[in-house]
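For reference, the structure discussed in these notes is given below.
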Amino acid sequence: MRLKLGMIGGGDGAFIGAVHRMAARLDDRWDLVAGAFSSEAMRSEAFGRGLGLEEDRCYGDWRAMVQAEAARPDPVDAVAIVTPNHLHHGPAKAFLEAGIAVICDKPLTTGLAEALDLAQTVARTGVPFVLTHNYSGYAMVRQMRAMVAAGTVGAIRVVQAEYAQDWLATALPGNKQADWRGDPARAGPGGALGDIATHAYHLATFVLGQAADQVSAETSRFVEGRLLDDDVQLRLRWASGARGQLWASQVAVGASNGLRLRLYGETGGLEWSQEDPDILRYTPLGEPPRILRRGGPGLSAAANAATRIPAGHPEGYLEGFAQIYADAADLVAAHRAGQRAPTTDLPGVDAGVEGVRFIEAAVRSATADGRWTPLGEEIA
């Protein structure tokens with residue numbers, strides 16, 4: 001049985017909305033049946049009709065949608081929130097309180113107070129909440145996580161994460177995606193920090209199984225007139241003793257989507273790159289490197305569960321995103337049936353709170369010339 005999905009945002013010109021719709025359909029687990037796709041009512045309704053939705057489920061705004069869907073005998077099972085960051089909190093809270101599960105883009109919110117409020121709402125209502133850190137859906141990322149958890153490479157000593165792009169190497173006036181990402185009122189306090197460094201940070205903490213303890217950050221604005229950072233260089237400390245570096249840039253000319261994670265433990269090392277996602281390089285101490293392939297022998301149950309097609313047929317961005325939606329379907333279906341939630345690798349509201357803590361701690365550190373700043377330190 002397919003579940004019913006609604007969507008907030010993701011209308012004309014929205015790259016990520018189309019990605020969510022494709023990912024939700026890929027495994028035949030969701031049907032998009034309702035939406036409020038734009039802040040302009042007529043455009044929103046027209047866009048929904050263009051997707052083939054029923055007239056009465058093409059809404060002019062999200063407030064009308066939550067009210068109408070909650071009153072229906074067949075409401076949506078979940079709503080995907082794919083708006084700019086400043087519009088995550090309001091609809092997410094309203095749908096949770098209406099008993100409708102939420103699948104939300106990252107970062108969770110533009111500030112810690114709102115993030116904590118959503119976490120409290122999830123705890124109070126018991127309604128499922130999923131954060132779409134889609135790179136955690138890749139099979140070989142889940143293999144990496146399983147190997148770290150099993151102690152295959154020993155205690156982690158060094159973490160190297162990076163996410164390099166070049167699409168903001170120049171000013172892009174009039175570009176819808178660049179405009180809101182460069183606006184503190186809509187994006188929050190971080191530019192590249194909130195947009196892509198959060199992905200690299202979540203990837204590292206997802207694989208390690210623990211959030212970092214402290215950050216020392218330097219942020220830069222290389223393009224004249226830009227209000228938010230376009231390059232971020234950070235150091236990280238974990239309570240376990242691991243030490244890390246994270247670089248995220250949207251002005252790295254020649255880089256496309258260079259998300260990469262390298263981990264070095266007492267007895268081995270692991271390397272993974274999003275631009276070659278089916279490969280995980282594993283080097284045991286004192287031995288030649290080994291190449292582990294998605295769909296190949298010797299992988300964990302978690303990696304195999306996130307694999308759709310035989311090895312040699314590449315899987316990538318959409319499949320990783322689709323894995324989040326497939327896992328979300330299992331979670332929401334169990335909740336609707338009153339069953340115990342399945343054990344999954346899904347990022348939830350707690351990962352969202354950690355991401356906002358990371359952003360705010362990095363901003364505070366950068367304004368204090370890189371002072372080591374605890375991620376749990378609240379703003380005074």
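We did not get these values from a lab; they are worked out from the coordinates using the rules stated. Remember, it's a predicted structure, so these values are computed and weren't measured experimentally. As a convention, Cβ positions derive from the backbone with ideal geometry for all residues, glycine included, and neighbour counts pool all protein chains shown.
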For region 309-380, what is the per residue volume of the convex hull drawn over the alpha-carbon atoms, in cubic angstrom?
167 Å³
So for region 1-41, using the alpha carbon gyration tensor with a ≥ b ≥ c as root eigenvalues (a/c under 1.5 gives rounded; past that, a/b versus b/c decides prolate or oblate), I'd call it oblate
In degrees, nearest ten, helix 62-71 long axis to first principal axis of the chain (Cα)
70 degrees
Could you give the angle, 0 to 90 degrees to the nearest 10, between helix 15-26's Cα long axis and the longest principal axis of the Cα atoms of the chain?
90 degrees
Rank the residues His88, His313 as a footprinting-exposure proxy: fewest other Cβ atoms within 10 Å of their Cβ go first.
His313, His88
Between rounded, prolate and oblate, where does region 249-380 land on the alpha carbon gyration tensor, with a ≥ b ≥ c its root eigenvalues, rounded for a/c under 1.5, else prolate if a/b exceeds b/c?
oblate
Ratio Rg/Rh [Cα only; Rh per Kirkwood] for region 74-164:
1.08
Assertion target for Glu54, Glu271, ordered by fewest C-beta neighbours within 10 angstrom first, is Glu54, Glu271
Can you tell which of Val349, Val19, Val130 shows the greatest fluctuation in a Gaussian network model of the chain with Cα springs below 10 Å?
Val19
With a ≥ b ≥ c taken as the square roots of the eigenvalues of the C-alpha gyration tensor of region 207-296, please select rounded if a/c is under 1.5 and otherwise prolate if a/b is larger than b/c or oblate if it is not?
oblate
Order by neighbour count: Glu45, Glu55, fewest other Cβ atoms within 10 Å first, most last.
Glu55, Glu45
Karplus (6.51, -1.76, 1.60) ³J(HN,Hα), θ = phi - 60°, over region 352-365, in Hz, Gly and Pro reported as x:
x, 4, 4, x, 5, 4, 4, 4, 5, 5, 5, 5, 5, 5
Can you give me the C-alpha center-to-center distance between region 159-183 and region 202-281, rounded to a whole angstrom?
16 Å
For helix 112-125, report the angle its Cα long axis makes with the longest principal axis of the Cα atoms of the chain; keep it between 0 and 90° and round to the nearest 10°.
70 degrees
Most fluctuating residue given options Pro73, Pro189, Pro347, as computed from a GNM of the chain linking Cα atoms under 10 Å
Pro73
What is the chain's relative contact order, in percent, from Cα pairs under 8 angstrom and six or more apart in sequence?
20 percent
